[in-house]
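The structure appears right after this line, and notes come after that.
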Amino acid sequence: MNKKSLAFKFTVFAVLAVVGPAAAIAISLILTGRKALTDSIYIQQSQTAQRIANRVSIHLDNVHSVLSIASKEPGLSAMRPARQEESLRRLLRWQPTFKEAILLNAFGMETAKLVSQDNKFVPGRLISRKSRPEFQDAMAEGLAVASEPFFGGDRMPYFFVSCPTYGRRGVLVVKVRLDSLWDVVKQIADHQGDTAYIIDSKGYLLAHPVPEKVLSHTNMDGLSLVKAFKSGRTGRSSFGVHENDVHENVVSVVEAVPNLDWGVVVETPESKAYAPIRTMEKAVIKWTAISMCIILALALWRVRQIVKPVELLEEGARKIAHGHLDLDLDIHTGDELEHLAGSFKQMAGSLKQLEDLRRDLISMIVHDLKSPLSAIMSSIDYIEQNEHDKISDTSKRILSLSRKSSDELLQMIQNMLDVAKMEEGKLSPRLEKINPAQMMEECAENFRLQIEKESKQLIKNIDEGVHKIAVDGPMIKRVITNLLSNAIRHTRPKGLITVECRSVENFVELVVMDNGEGISPEYKEKIFDKFVQAERKRVRVRSGTGLGLTFCKMAVELHGGQIRVESEPGKGSTFIVRLPSRSGKRQETEKNLAETAA
């Protein structure tokens, strides 16, 4: 089916009218559903992560509160070691997550230490913590501070919380266990089927449903989500599909723990998270396809009923275009198409008469004008060559003018013949590989003497790197020659004439530009019509014979190209010839001829 046929257009319209809205609705449903589900997943995961983060934050606040209360005991730093140990023992009983309780004096030396072991409190070896952050930060801040998490000798994660005692006479330090958080993240995995874990600022696991990963000091720093967290992206900005530590795609988010450089990650396998949307997408696609098939079948059947008589008319028009004017159209639709078929028959009869008249006219031009014109031109050539020294300068100018006028008349006759042949599809271009830059150079040089003689200036902007193109060289050269001749004719003395050759995408553009009279907007298209010289002369548009630009347009289109003009009155004109740079882009010559004639 021809892409320009009415049947094709009707079919495309029917398909687009059905497929377009149906596809738009289906895509809209899918995108809306996917977005809604994605938002739902994010909200659920974010809320879960925030609950865990809040529990960690609350636990830290409780530790701070307990430690702040204990540190405010008057005279704690000045007590005897036995009483200090008793205070530390009460503190360890008060908060089961405390692994150790330590009391430092104002110089950072431990004065009392108790370690919780199997529900017993054992005194520890006293050391100096003068240079340790749990001492220095507490003394500097004057309030309870938490240290970075670390792993103890039992491979368990801990962190220190320290608070200065009354009057900053010492520091009370507790070593807090983090294994209590393991139950929190494990509950998420058991109840929701998601995986949740807690990481510190360096990416080490502090809590995970699989305790062995924490005990093995697993660092999640290589995961994209952990990298996002370390770069400060949490919440919505971190949400998306990521790869987990076992190289599976998961939908995950990370939320920060308040007052700590820790992150809580919640992830769901991608296949599980998007399972509902995939089910919905399959259902939407299935029913959309079924609906489209049914509606398309009905639409195409109706299109066929409408297009069939149009195809008969098209066939009749094609016969007329190829000179078959004995037309018989069997169309009986009882509507406007049947009336149109009758008009086609009448038109074919009229065209037959006009065709006979046109052939007689062309024959007259060939036999009655070209032969005597050739004799005139030969006579002028003879006089210029053999009698050159015997005639006056005035006679020489007259002969030169006569020769120029004869050349223009011969060009007009040749244009008429070529236009007639192209309209009949009898002129086929002889394609050959030529260098368009070299051709433009030659055409410009052919007019250089005339341009200089008339005190005008020629400018060449030619890209020497333009690739060769397959065209009929003499035919395209005549096109450029016609355009240059027009440009010279309509440019005042001291005016500029510019020729350009350049590559634009898959085309080569040949440009002839001047700063002469210009063309009125309403005549930009008419200048390519045939036999409108009188009209052009009245409005001062550019034409010499009435067929030069017509030939240019048909010759360029015969090569699968385009010609256009850009002009403003008083500012000059620019004629742009665009030719395909690849022969594969060009249609067959026979098809071009048929389309040009149509």
For segment 352-422, whose charge dipole is built from +1 on Lys and Arg Cβ atoms and -1 on Asp and Glu Cβ atoms, the candidate among M416, S406, I376 with its Cα farthest towards the positive end is M416
With the dipole of the chain defined by +1 on each Lys or Arg Cβ and -1 on each Asp or Glu Cβ, the option from V504, L337, H64 whose Cα lies farthest towards the positive pole is H64
Per residue convex hull volume, Cα only, segment 160-214, in Å³ is 102 Å³
Sparse-neighbourhood loop hits (chymotrypsin sites (Phe, Trp or Tyr not before Pro), segment 44-133; DSSP loop; Cβ within 10 Å at most 15 others) -> F107
For the chain, the dipole about the Cα centre with charges only on Cβ (Lys and Arg +1, Asp and Glu -1), to the nearest 20 debye, works out at 1720 debye
Projecting the Cα atoms of A317, S392, V303 onto the charge dipole of segment 299-418, where Lys and Arg contribute +1 and Asp and Glu -1 at Cβ, the residue farthest towards the positive end is S392
By the Kirkwood definition, with r running over pairs of different Cα atoms, segment 82-174 has a hydrodynamic radius in Å of 13.3 Å
So K460 and S231, fully extended at 0.36 nm per residue minus their Cα-Cα distance, gain in nm 76.7 nm
For the chain the mean separation of alpha carbon contacts under 8 Å (6+ apart) over residue count, i.e. relative contact order in percent, is 9 percent
Its Cα gyration tensor gives the chain an equivalent ellipsoid whose semi-axes in whole Å, largest first, are 96, 36, 17
Taking every other residue with Cβ under 13 Å from the Cβ of Q305 and scoring Lys and Arg +1, Asp and Glu -1, one gets +1
Computed over segment 199-344, the Cα gyration tensor eigenvalues, each multiplied by 5 and square-rooted, give semi-axes in Å (largest first) of 73, 17, 12
CD proxy, 222 nm, the chain: helix-only mean residue ellipticity via -39,500 (n - 2.57) per DSSP H run with n ≥ 4, per residue, nearest 500, stands at -17000 deg cm²/dmol
If each part is reduced to its alpha-carbon centroid, segment 403-474 and segment 144-212 end up apart, in Å, by 87 Å
XL table K421/K468; K130/K202; K396/K494; K308/K526; K286/K308; Cα-Cα > 31 Å flagged, in table order, is K308/K526; K286/K308
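FYI, it's all coordinate maths here, none of it is from the lab. These numbers were taken from a predicted model, which means no experiment stands behind them. Quick reminder, even Gly has a Cβ in these numbers, built from the backbone with ideal geometry, and neighbours come from all protein chains shown.
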